[in-house]
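The values are calculated or read from the model by the stated rules, or taken from the named source; none is laboratory data. All figures in this text were calculated on a predicted structure; none of them were measured in a lab. Glycine also receives a Cβ, built like all others from the backbone with ideal geometry; neighbour counts cover every protein chain displayed.
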Amino acid sequence: MSGMASAWWGARTSREQRLLAAMLALLGLVLVWLLIVRPLADALDSARRDHDEAVTSLAEAQARAAAAGHARGEGRRAAPLPVDALLSRTVTEAGFADARVTSRGPARASVAIDAARPQAFFGWVRTMEGSGLIVESLTARANADRTLAVEAAFRARTG
């Protein structure tokens with residue numbers, strides 16, 4: 001079989017051999033694209049979608065749990081001071097890696113996030129309200145990628 005292939009290859013002119021080699025190289029690239037790159041890209045997109053859905057579901061579950069605790073009267077406690085430390089810890093736990101927390105005294109702080117999913121962010125705000133914080137101001141602007149750029153100011157509940 002190999003002998004027939006080399007005899008066939010030898011019967012071609014050098015120009016035909018170069019064209020056939022280029023065709024085989026391009027065929028190899030197309031096969032790599034179709035059999036390796038595209039399936040991996042699809043799997044990565046699917047994993048990102050699943051992660052986004054899981055983050056949203058977690059935020060909704062936390063918000064429902066906080067609402068249930070608030071309905072039972074558990075949400076009326078005072079927040080631990082300093083507020084900026086509480087916000088820094090919980091904003092990171094909620095998955096907002098690019099959040100900037102600014103202290104405005106021991107009982108006040110503000111948070112700025114460049115890109116946050118609305119469901120996850122408002123679920124986190126609800127959790128903060130259940131932890132004894134009060135939202136003083138909240139500004140949210142829509143980004144092009146269906147996220148929000150938000151700035152929120154919190155203060156500790158007294159008594």
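Among residues of segment 9-34 that are of a type in the set (Phe, Trp, Tyr) and modelled with pLDDT under 95, those with a Cβ under 9 angstrom from a residue that is assigned to a helix (DSSP H, G or I) and surrounded by 11 or more Cβ atoms within 10 Å (Cβ to Cβ), sequence gap 6+ or separate chain, pair up as Trp9/Gln17; Trp9/Leu20. Summed over segment 85-120, the residues that are touching a residue at least 60 places away in the same chain (Cβ under 8 Å) and touching a strand residue (DSSP E or B) at 6+ places or on another chain (Cβ under 6 Å) give a count of 1.
If a residue has to be not in a helix (DSSP H, G or I) and not charged (D, E, K, R) to count, how many in segment 5-19 make the cut? Residues that pass the stated criteria total 2. Listed by first and then second residue, the pairs linking a residue in segment 127-138 that is within 16 Å of Ser103 (Cα to Cα) and free of Cβ contacts under 8 Å to residues at least 24 places away in the same chain to a residue that is among the basic types (Lys, Arg) and in a strand (DSSP E or B), with Cβ atoms under 8 Å apart and 6 or more places separating them unless they lie on different chains, are Ile134/Arg155. Taking the criterion of being over 28 Å from Arg49 (Cβ atoms) and buried (at least 20 other Cβ atoms within 10 Å of the Cβ), would at least one residue in segment 109-121 satisfy it? Scanning segment 109-121, I find at least one residue that is over 28 Å from Arg49 (Cβ atoms) and buried (at least 20 other Cβ atoms within 10 Å of the Cβ), so the answer is yes.
When residues in segment 86-113 are screened for being basic (Lys, Arg), in a loop (DSSP other than H, G, I, E, B) and at pLDDT 90 or above, 0 of them pass.
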